[in-house]
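First the structure, in the form of structure tokens, and then the observations on it.
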Amino acid sequence: MIPAALLLTRLRLLIVIKIFNKFFLNTFLWFLISLPIITPAQVTQVLRPNISSYFLTKDKLYYFEDVKGKFNFTQIQKQSFSPVTRNANNFGVSASVFWLRFKLQAPTNNAKKINWLMELAHPLLDQVDFYIPQKRGWKKMVLGDHLPFGRRPIHSRHFVIPLDFKSNTTQTYYLRLQSTSTVQAPITIYQPAAFYTKQNYEQAIFSLYYGILLVMSLYNLFLFFSLKTRPYLLYSLAIFVGLVARIAIKGQGPQLLWPNWIWFSNISVILFTALFQSFLLLYTDSFLNLQKYAPRLRKFFFGLIALSLSMGIINFFDLRLGTKLSIVVNLTNMPFVIAAGVICYRKGKIAARFFILAWVIFAMGVFMNALTLTGVLPFNFITKNLMDIGGTLNVILLSLALADNYQQFKREKEEAQKKMLEVQEEANEKLEQKVQERTHELQVKNNEVLTQNEELQQQQEEIMAQNEFIADTNIKLKRESNKTKESIQAASAIQNAILPSDERMIDLFGPQYFVLYQPKDIVSGDFYWISKVKPKFKIEDLWQTHQPKNEQEALLQLTTKTLNAKETTFLAVVDCTGHGVPGAFMSMIGNSLLNEIINESLILETDKILTRLNEKLNKELRQNNKGNLNQGMDVCLCKLEKQSNGNTKVYFTGAKRPLYYINQEGFHSLRGDRISIGGYHHTKASFTVQTIELQPGDMLYLATDGMVDSPDPRRKSFGTLRFQKLMEACASLPIDQQKQQFAQTLEDYRKGTEQRDDITVLGLRV
């Protein structure tokens, strides 16, 4: 048996081991979990004299992303920075503010100052604030492409700042970056000699690159003026605009071309990129002849051109959105350009081979440049400019493509000319054979023609005789036409003579009237008529003002009262059936009958006047028989009586014509009876009387339907509603201006259209 003491010792040992294991395991797990959130300490970059440059990234370059841009420099020093792990220090397109921090130390054996240069190699940054430590605080240096180029401490396409610090000291620097385009921070610390050597080398390379592009642009422009071929012009413009775009992207635009155009410097990259893409697509369409080889794809190309131009327009209002859209456009256009080349080549466009090769090489340059930015390839001057190298080869190959295209065009033209010559020779042989055959046929037919010629000469003599007869007949017809015209003009003079004269109108109404009278032809079927009549004396008129009380007073009043009869004024506007000579005859008949009925027979009630006029017209024209004439007239007849209170009482009867008047209450119209004067339908017609009382200044309008039926160039009538509105608008004008307004409105509406009917409008201010 095991002693109890030994068992107790073993039990205690097991408990201790269990507690230790549990504590150790928890501690180890906490350590593993905490590893990702522990930020390693930032490494100070030691600058040694035997090394000419240092590229800062990862553990030597820390950053903090201020998403809302709310921190100032004092607050940012208290924030937790993280090492930059992105390839080429590229943060992409972002609206955030990025703070960068790095530490430098330059150890030497003596205590002299060491001069180094810091290069921030991304020229498209809008705002660059560089904080340099001083003995008393911090010195802030403000840079960026939103400032004039002359404010930079060192004239370089990149942002270059001199760093002066004593040896054996560690200096901490801060950078604040913000931009509407891409935010990149490729920071390199250079010794001055190394920097200027690199800069001179880059300038030489860029001068060669830009020179090649400029020479190719001018060369193709010269070819355009020589050959008059559109693709050369579009290609020349695409190269030139692309050259300016690359200068802007490389930061040499503000340095060389527009150092003081701050606003233009911000938009230049996207603007010239949009123009380059547009000219490139237009060149592709013209060079590949998409209208012939790929018409459906050509429509899509026009959409891509519109998208490219919209990118340039949006750039003026929202640069960040324009930058994002430019990425989409650049990635979209290139595959479609290559696809268009492949399609056209497969359909027989031989010159597309150089075109495809050029864009494949350029695409490879872009792809390898992307591999450089993602870290697959080393980041150096060659790899970061692979896209420019591919662009140079692209330009050269596209020039070869244009030359090949022209040679193909020339060969096709020569083959077409050769084929045309062969066809022409064959045609000449056939033509010669046919000429011989035709010559024989012509000799046979020539004899027939001679025979026919004699017959034609005889017919010609007959035709000449007929022409002489026709000419004589035309002279006679012209003479008769002149006589007829003279007769009609004489009839017009007679018709105008029976119309009321201006003196007669002024005598009855004073100057407060106007007449718009426009016949369609020389003579008119419209006429207007006035008369002033003194009615027959009636005994009952003696007591209208004072009723006698008895018979004696009545006898006395009868012998003493002045026998004055009221004077009545009649006014009529008449539209006879037809126009021209038939209408003129009807108007003269109507004028004569009105004089007979009113002035001679003294029938003074307007309804009885029209009834009598209808009867007499039926009788005069023998219209009781349906086989006879069915001519008639529409009449607007008014009788005006002056009242003792100064008002005017108007009695109106109309035969298919209304009466219009305007008083203080506004516009009114009285509809006439729906019966015309004359015709065999209404021999027993009866008419009604309507009465109104007008105050001084009120307007009265009588009119035929000529103005209402007047057409415009679309043959649409003037209309009753427009005529009523015109009367309302003119009623308050002086009477002479009213006539001018009516005539001008009618002329403006017709716009030279031929008049449809006679027009008569009579306006009277009572």
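Selection of region 702-729 for residues being buried (at least 18 other Cβ atoms within 10 Å of the Cβ) and either in contact (Cβ under 8 Å) with a residue 24 or more places away in the chain or farther than 23 Å from residue 637 by Cα (or both) yields 702, 703, 704, 705, 706, 707, 710, 718, 727.
Here's the yes/no breakdown for (1) under 60 Å from the mean Cα position of the chain (by Cα); (2) outside the structural domain of residue 522 (by TED's automatic domain parsing); (3) in a helix (DSSP H, G or I):
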{"site": "582", "(1), (2), (3)": "yes, no, yes"}
{"site": "586", "(1), (2), (3)": "yes, no, yes"}
{"site": "592", "(1), (2), (3)": "no, no, yes"}
{"site": "636", "(1), (2), (3)": "yes, no, no"}
{"site": "661", "(1), (2), (3)": "yes, no, no"}
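Counting only helices (runs of 4 or more DSSP H) wholly contained in region 206-310, the ones carrying 3 or more residues that are under 27 Å from the mean Cα position of the chain (by Cα) occupy 262-288.
Residues that are of a type in the set (Asp, Glu) and not assigned by TED's automatic domain parsing to the domain that holds residue 701: does region 474-493 have at least one? There is at least one residue in region 474-493 that is of a type in the set (Asp, Glu) and not assigned by TED's automatic domain parsing to the domain that holds residue 701.
There is no residue in region 350-367 that is surrounded by fewer than 17 Cβ atoms within 10 Å (Cβ to Cβ), charged (D, E, K, R) and within 36 Å of the chain's Cα centre (by Cα).
Out of 689, 761, one residue alone is modelled with pLDDT of 95 or more, surrounded by fewer than 18 Cβ atoms within 10 Å (Cβ to Cβ) and touching a strand residue (DSSP E or B) at 6+ places or on another chain (Cβ under 9 Å). It is 689.
Looking only at region 405-417, decide whether some residue is among the hydrophobic types (A, V, I, L, M, F, W, C), at pLDDT 75 or above and either surrounded by 11 or more Cβ atoms within 10 Å (Cβ to Cβ) or within 48 Å of the chain's Cα centre (by Cα) (or both). So far as region 405-417 goes, no, none of its residues is among the hydrophobic types (A, V, I, L, M, F, W, C), at pLDDT 75 or above and either surrounded by 11 or more Cβ atoms within 10 Å (Cβ to Cβ) or within 48 Å of the chain's Cα centre (by Cα) (or both). Among the residues of region 254-270, not a single one is surrounded by 20 or more Cβ atoms within 10 Å (Cβ to Cβ) and at pLDDT 85 or above.
Selection over region 495-524 of residues that are part of a helix (DSSP H, G or I) and in contact (Cβ under 8 Å) with a residue 40 or more places away in the chain gives a count of 4. Residues in region 145-188 that are surrounded by 15 or more Cβ atoms within 10 Å (Cβ to Cβ) and without any contact (Cβ under 8 Å) to a residue 24 or more places away in the chain: 152 alone. Screening the candidates 217, 181, 167, 156 for the property of being under 28 Å from residue 93 (Cα atoms) and at pLDDT below 85 yields one hit, 181. Kindly indicate whether any position in region 708-729 is in contact with an Asp or Glu (Cβ under 6 Å, 6 or more places away or on another chain) and closer than 25 Å to residue 577 by Cβ. For region 708-729, residues in contact with an Asp or Glu (Cβ under 6 Å, 6 or more places away or on another chain) and closer than 25 Å to residue 577 by Cβ: present. Listed here are the strands (runs of 3 or more DSSP E) enclosed by region 86-198 that have at least 3 residues being among the hydroxyl-bearing types (Ser, Thr, Tyr): 170-178.
The values are calculated or read from the model by the stated rules, or taken from the named source; none is laboratory data. Owing to the predicted nature of the structure, the values given are computational and were not obtained by experimental measurement. So basically every Cβ, Gly included, is an ideal-geometry build from the backbone, and we count neighbours across all protein chains shown.
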